[in-house]
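Here is the structure we will look at, set down as structure tokens.
The values are calculated or read from the model by the stated rules, or taken from the named source; none is laboratory data. Owing to the predicted nature of the structure, the values given are computational and were not obtained by experimental measurement. As a convention, Cβ positions derive from the backbone with ideal geometry for all residues, glycine included, and neighbour counts pool all protein chains shown. What goes into the accessible areas is simple: the full protein's heavy atoms, side chains included, and nothing from ligands, DNA or RNA. Shrake-Rupley method; radii C 1.70, N 1.55, O 1.52, S 1.80 Å.
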Amino acid sequence: MTGFPQNFLWGGATAANQCEGAYDEDGKGLSIQDVLPHGFGPWTEEPTPDNLKLKGIDHYHRFKEDIELFAEMGFKVYRFSIAWSRIFPDGDETEPNEAGLRFYDQILDECEKYGIEPLVTISHYETPLHLAKAYNGWTDRRMIQFYLNYCRVLFERYKGRVRYWITFNEINSILRQPFMSGAIMTPKEQLSDSDLYQAMHHELTASALAVRLAHEIDPLNKVGCMVVGITVYPLTPAPDDILKVMEIDNDLYFFLDVQARGAYPYFAKRRFEEQNIHLEITDEDREALKNTVDFIAFSYYSSNCATCDPTLGEPSRSNMTPELRKNPYSSVTEWGWQIDPKGLRYTLNRLYARYQKPLFVAENGLGARDRLIEDETGNLTVNDDYRIAYMREHIAQMKEAVHDGVDVMGYTAWGCIDLISCSTAEIEKRYGMIYVDLNSDGTGTMNRYRKKSFDWYRKVIESNGEIL
Ligand code: BGP
């Protein structure tokens, strides 16, 4: 196949905490994002007015307009997350909050109106804050049950309306961001490897049980895992650098092997022994893990290099992982994230080679500063040729991967409408094809404007990726 399959799912992706706002409306409880005004950290005791996510881009009240714009671009799929704390404000209740469920009924109504397939992320970095405070997040085994109660409510309520699910956004990020990803309050420096990996194990078990539950409730459900597609090259051909990259790759395969193959990988034993990690893994857990996912989703923004020689290379700012090095062959975004379209083809191929499961590019895009200008007809717009170039090159490489024989199900451009960034909680870092009039001090009309990339992406979808 040289082009995209006919049923290829083109669309865009958002997350509740980055776009909805309305952080305390209709019975919503606090989520960990409501106390993270600056992105990764530090957290505050209470929500503070400088936290742009509290208002978001007001998608909670403007979702009809937003989904109409997505439809105008021709979206086949809309990936969004459900805010867990809208459904279970504290997370450990037994009965859900009806108003929260009704909100997502309405989102689904809009998707159906335009024939847009929903792809729902069940947990996207927005665990109810109470679960962090009362249980120390995923370090506690009881989280599995809370999460499954939540999943059951979603699977039953939206049965027949949602077919594609992602259990956890970027599940492997728990190793780097235990609070945002795992709702773990223990500061990272004080968190033992055993506790961290135990939390990982609880999440992986919960994810597998959610796959089983989804299939039981509706055999038509397709459930995916999702990882941050860390793509790392050796900085030099030194064998030590090759082995270092192998270890980094294993960090990723740890999560994917469990979710896609149903058991911990062969290298887990040595790693656990050497890092003095003692996990409680029951026979029941091992059985549960056998429920593997239907597809593998991942985010891909950049690639990095690694070396064992600390005197070589420059630190990379991509994905905020300072021990990684810059690739001298890559350009960088304004936020220092390296741009490597061919890395997407490589990532798709290596994941497919290992797992042979359908792959979904669930996030990709360029975070950049945009300038709203008036075009020749007097309309306000953004000339974001840089964004078009980024997306064009990545989509072209994805097409190469399809040609290589990789089964790619879909592509959802991250932050298809401008939203609050995850790592730095700012609005200046815009990914959208739709501009939102919001400033960093929280002022702005919240009006939406089509950028140049809006029309470009519309044509990409219309031509099924033939016109790039
Ligand atoms: C991913 C997250 C998203 C998103 C994206 C871009 O890791 O899943 O939520 O925001 O990164 O990152 P940022 O917003 O920090 O630019």
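Overview of results
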item: Inter-part distance where the range 222-282 and the range 330-360 are each reduced to a Cα centre, Å; result: 17
item: Accessible area per residue, Å², the range 1-99 with all protein chains present, probe 1.4 Å; result: 37
item: Solvent-accessible area per residue, Å², over the range 399-468 with all protein chains present [probe radius 1.4 Å]; result: 33
item: Taking the range 1-97 and dividing mean pair separation by its residue count, relative contact order in percent (alpha carbons under 8 Å, at least six apart); result: 39
item: Cut-off under 5 Å, modelled amide H: who pairs with Ser31 long-range; result: Leu129
item: Cα-Cα over 21 Å, subset of Lys76/Lys159; Lys342/Lys451; Lys55/Lys76; Lys76/Lys459; result: Lys342/Lys451; Lys55/Lys76
item: Size of electric dipole in the range 311-461: Cβ of Lys, Arg +1 and of Asp, Glu -1, about Cα centre, debye, nearest 20; result: 540
item: Spin-label pair Asp437/Glu280, simplified geometry with 7 Å Cα→Cβ offset, distance in nm; result: 5.6
item: Mean Cβ neighbour count within 10 Å, used as a protection proxy, ranking 118-131, 347-360, 90-103 highest first; result: 118-131, 347-360, 90-103
item: The range 170-285 - percent relative contact order, Cα under 8 Å, separation 6 or more; result: 30
item: Computed helical MRE - 222 nm, the chain, DSSP H runs ≥ 4 contributing -39500 (n - 2.57), nearest 500; result: -11000 deg cm²/dmol
item: Relative contact order %, the range 301-370, counting alpha carbon pairs below 8 Å whose residues are six or more apart; result: 32
item: The chain, dipole about Cα centre (Lys/Arg Cβ +1, Asp/Glu Cβ -1), debye to the nearest 20; result: 1080
item: Accessible area of the range 207-343 divided out per residue, in Å², using a probe of 1.4 angstrom; result: 47
item: Reachable lysines, given that their alpha-carbon falls under 29 Å from the alpha-carbon of Lys269 and they are not under 8 places away in the same chain; result: Lys188, Lys244, Lys290, Lys357
item: Qualifying GluC sites (Glu not before Pro) in the range 1-61, DSSP loop, other Cβ atoms within 10 Å at most 13; result: Glu45
item: Portion, in percent, of the accessible area of the chain that falls on carbon or sulfur, probe 1.4 Å; result: 50
item: Volume per residue of the C-alpha convex hull in the range 389-468, rounded to whole Å³; result: 102
item: Prolate/oblate/rounded call for the range 124-263, Cα gyration tensor, a/c under 1.5 rounded; result: oblate
item: Farthest positive-ward along the chain dipole, Cα basis, beta-carbon charges - from Met409, Leu191, Phe146; result: Met409
item: Pairwise centroid distance, computed over Cα atoms, of the range 141-219 with the range 93-127, Å; result: 17
item: Chymotrypsin sites (Phe, Trp or Tyr not before Pro) restricted to the range 262-320 and DSSP loop, no more than 14 other C-beta within 10 Å; result: Tyr266, Phe267
item: For the range 77-231, size of Cβ-based charge dipole, Lys and Arg +1, Asp and Glu -1, in debye; result: 260
item: Alpha carbon centroid spacing (whole Å) that separates the range 11-46 from the range 389-468; result: 22
